[in-house]
Ligand SMILES: [Zn+2]
């Protein structure tokens, strides 16, 4: 995924009369004719504030006389500029006499557009722990997100296999947590205990790979300029093995971490944070306190998924905590730590978000759910029960069900050089996603939106990542922008063909449509 910016599209020809916008605006009317222009299009537009336009929405008018943009906020103005950039038509004009050079003519089709998003949360997630991509790839992703009017970058920064941020006061985190002694061999699967899968490891040191505070601030600033809020994720109380490799004393059984090596294979790790240890909790508080200062957004992700409680069962400290707090048994520990950190973040002006599992038990309604599971014992009578049930209970929810939104699942292409975790999420499947499916009418206002998730166990570099992201993320972007107003897959397919050609011409390693 090479660096490209919206302006790069000015150099790509699109045929006049076929706008091929992705996401499609809510209302678009071609009025005939064109506006020829030179220079930067954004500077051509006469801008005015119109408080009647919904948040992030805009009105855009291109006539032969000029361009007018109105919006109620800066994000709306920014999205109007993205649409303008996508509308630009570039034509080569051949010379008319000897000695003359060919010239390039730029124009905009005359249009009237009124546009605003269905959902306030239109996200892309990236796991930089299983594999690390780095600043330039992240910036290129943010550019492409802006172009598709996506506004939340969920940055998965800590995991069993890697800890990717340098937190002041905890130098061992990057010394031990940001480097692992081996990785799973490319094209092989390995997800249980590291000893069992030793024959599937490559023996090659991976890292150290991590971001400094200065790197993070640089990317926060880069995202803000594109109206993208970064949602940092610090996983707890499970998926913390890399942190435990750095500080074994924060585990129930420190002797399991004697090698000081993050987890080498994928899958679910049994060694998790010792919730009975006040120092382990203080450690997470210090990390989250720092995260709150570095990331200005109003939401912090605290993970909460796939946390086995087997170590807590036999840990004297955890058992003492259960007794002291009257939590019943080890099932009470995760809701207890979730309540603790929901309140901790609230005291710092932030809302907590976490994966489905962290909403189990008695958790404050202010906690936002991020729903990825599709089956549960109880629910609203639909497959997407986890998120729907949470919305019914009064939690705000971001919908990211794996069978629609997991971009590490197979695309179903005729030919595909890349390796996937499994499953099947085709372009059409992405486009068919409805974040409100199965949610009772009275709870639909709790659905904040959705997100495409990029888990990277089997995604090794930026080319692999771009291929898995695009064009499926284009389909999800349209779902999040238009919601129930999306025009149907046939219409999308016609537009995505031309849109994909633009992405490819701009250097994006975009997968084919089938
Ligand atoms: Zn413990």
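Some points to look at:
- Subset of the stretch 235-271 that is within 16 Å of the ligand (Cβ to nearest atom), in a helix (DSSP H, G or I) and touching a residue at least 12 places away in the same chain (Cβ under 8 Å) - its residue that is surrounded by the most Cβ atoms within 10 Å (Cβ to Cβ): 243
- Of all residues in the stretch 278-303, those satisfying the criterion of being in contact with a strand residue (DSSP E or B) (Cβ under 7 Å, 6 or more places away or on another chain) and within 16 Å of the ligand (Cβ to nearest atom) are 280, 284.
- Test: residue 101 is surrounded by fewer than 19 Cβ atoms within 10 Å (Cβ to Cβ) and either on the phi > 0 side of the Ramachandran plot or touching a helix residue (DSSP H, G or I) at 6+ places or on another chain (Cβ under 8 Å) (or both): no
- Candidates in the stretch 291-318 are the residues that are assigned to a helix (DSSP H, G or I) and in contact with a helix residue (DSSP H, G or I) (Cβ under 8 Å, 6 or more places away or on another chain); of these, the one that is surrounded by the most Cβ atoms within 10 Å (Cβ to Cβ) is 312.
- Every residue from the stretch 323-334 that is within 35 Å of the chain's Cα centre (by Cα), more than 10 Å from the ligand (Cβ to nearest atom) and within 23 Å of residue 249 (Cβ to Cβ): 327, 334
- Filter result for residue 325 (more than 25 Å from residue 353 (Cβ to Cβ) and either touching a residue at least 24 places away in the same chain (Cβ under 8 Å) or surrounded by fewer than 21 Cβ atoms within 10 Å (Cβ to Cβ) (or both)): no
- Residue check for residue 306: touching a residue at least 40 places away in the same chain (Cβ under 8 Å) and more than 16 Å from the ligand (Cβ to nearest atom): yes
- Residue 124 at pLDDT 95 or above and touching a strand residue (DSSP E or B) at 6+ places or on another chain (Cβ under 6 Å): yes
- For residue 221, the conditions (1) farther than 23 Å from residue 454 by Cβ; (2) free of Cβ contacts under 8 Å to residues at least 40 places away in the same chain all hold with the exception of (1).
The values are calculated or read from the model by the stated rules, or taken from the named source; none is laboratory data. Keep in mind it's a predicted model, so treat the numbers as computed, not measured. Note that we place each Cβ from the backbone using ideal geometry, even for glycine, and neighbour counts take in every protein chain shown.
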